[in-house]
Amino acid sequence: MGIFSLDPGQLARCAQLRGLARQHLAPLAEKGEPGRVNRPLVAELGRLGLLERLFTSGALDLCLMRESLAQESTEAETALALQGLGAHPVHAYGTDAQRDRWLPGVRAGRMVAAFALSEPGAGSDAAALELRATQEPPRQGRGELRDQPRRDEHSPPRRWLLSGEKTWISNAPEADFYTVFARTGEPGTRAGGVTAFLVPADRPGLTGTPLDMLSPHPIGTLTFDGVPVTEDDVLGEPGGGFRVAMNTLNLFRPSVGAFAVGMAQAALDATLAHTARREAFGGPLKDLQTVAHQVADMALRVESARLMVYAAASAYDEGADGVPRRAAMAKLLATETAQHVVDTAVQLHGARALRRGHLLEHLYREVRAPRIYEGASEVQRAIIARELYKEEAR
């Protein structure tokens, strides 16, 4: 198992994606307001058919999409990725009614999705969720929630009230619907007591507040004050939400690495161009051995991270063993590599790279967050070690 080079068709698609990003997506991204959902950009992703590909592609193709877009427009890449992260649980675990109601709008770029897992006290430790789903007894004759067809019209669906808070949620509070993970079991049950719900943004009791973050895409806090949901809103099975969350993250973690590789490649390309033309000490910077060696090290790290991302994505597509370990390794190596490469690129560019509007100033702000979200680097190391010892014990 393993991919060590892309075939001509894959290379051509990557080049096409970079061209689409330059021509159609980057101009719309530049017009967006930091910290707000850029709906024209999301709509253009839909018009170009890129959002549709989120649901028809494997993990490797998702990585190639994210890497290619990131080289030209990190905003476009992030808008695409957040649509996928928020809507994948609906695609993979939703009922036919849920898919028919929500996914066409996501594919077309008309509806914005969000993945609501993190909480003030449960970020890295996803099994420690405190958002409560308190079950109510069935109420005969009570009006149904909007857009929720009952599974059995002779038996009212189970009903819960969600109470608590989610935070660090990308696309909140502007998304049209949220994949929300809440505790339906006793607190001591941890992972086994979590259920995934599809919650429309207009549900009574659901409010949100934007957070002012370093990253330019929207991130916010959601407050659930007795938000009503029923079994028609459940994604998967009651009590099976942790599996929904982890399987979604296993798919998207390698592609977070691909996003990081795309940023690192953009920084490397900018550094190659700059050091080839910048004159210093009687010649171009590239003729200084210390500079040339740093550039060579950057290229080595980028290519190493890229290969690990492709290998992890291929393992997922093939259903191979060790997917959680490979996904964690790919995200860890790629995001740490991107941080190093972008930082080195800034150093080799000098003060010009710190000016607002410079590509590297933008990448320097963007590259930090992927080492934290979808599992911080420390969490990835814990996953890798856990999986290694699990394999050793077999």
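Here are a few things to note about the model shown:
- Hits in region 347-394 - residues which are touching an Asp or Glu at 6+ places or on another chain (Cβ under 9 Å), aliphatic (A, V, I, L, M) and in contact (Cβ under 8 Å) with a residue 24 or more places away in the chain: Val367, Val379
- Region 204-230, subset buried (at least 19 other Cβ atoms within 10 Å of the Cβ) and farther than 20 Å from Leu82 by Cβ, residue nearest to the chain's Cα centre (by Cα): Phe224
- So Ser57, is it within 17 Å of Leu17 (Cα to Cα) and in contact with a Lys or Arg (Cβ under 6 Å, 6 or more places away or on another chain): no
- Yes/no for His340 being touching a Lys or Arg at 6+ places or on another chain (Cβ under 8 Å), more than 21 Å from Ser68 (Cβ to Cβ) and either crowded, with 24+ Cβ neighbours inside 10 Å or in the same structural domain as Arg381 (by TED's automatic domain parsing) (or both): yes
- Residues that are among the hydroxyl-bearing types (Ser, Thr, Tyr) and assigned to a helix (DSSP H, G or I) within region 352-394 comprise Tyr364, Ser377, Tyr389, listed in sequence order.
- Residue in region 47-60 that is closer than 17 Å to Glu374 by Cβ and in contact with a Ser or Thr (Cβ under 6 Å, 6 or more places away or on another chain) present: no
- Residues of region 289-320 satisfying the condition of being more than 22 Å from Ala264 (Cα to Cα) and either free of Cβ contacts under 8 Å to residues at least 40 places away in the same chain or in a helix (DSSP H, G or I) (or both): Ala315, Tyr316, Asp317, Glu318, Gly319
- Residue in region 326-345 that is touching a residue at least 12 places away in the same chain (Cβ under 8 Å) and in contact with a His (Cβ under 8 Å, 6 or more places away or on another chain) present: no
- Boolean, Val244 is in contact with a Gly (Cβ under 6 Å, 6 or more places away or on another chain) and assigned to a helix (DSSP H, G or I): yes
- Of everything in region 111-134 that is assigned to a loop (DSSP other than H, G, I, E, B) and either among the aliphatic types (A, V, I, L, M) or not assigned by TED's automatic domain parsing to the domain that holds Leu198 (or both), the residue that is surrounded by the most Cβ atoms within 10 Å (Cβ to Cβ) is Leu129.
- Lone unmet requirement of (1) over 22 Å from Asp297 (Cα atoms); (2) surrounded by fewer than 24 Cβ atoms within 10 Å (Cβ to Cβ) for Ala328: (2)
- Answer from Gln294, Gln347, Gln380 - the residue that is outside the structural domain of Glu30 (by TED's automatic domain parsing), surrounded by 16 or more Cβ atoms within 10 Å (Cβ to Cβ), polar (S, T, N, Q) and more than 20 Å from Met246 (Cβ to Cβ): Gln294
The values are calculated or read from the model by the stated rules, or taken from the named source; none is laboratory data. Small disclaimer: the values here were computed from a predicted structure and weren't measured. Cβ coordinates were reconstructed from backbone atoms using ideal geometry, including for glycine residues, and neighbour counts include every protein chain displayed.
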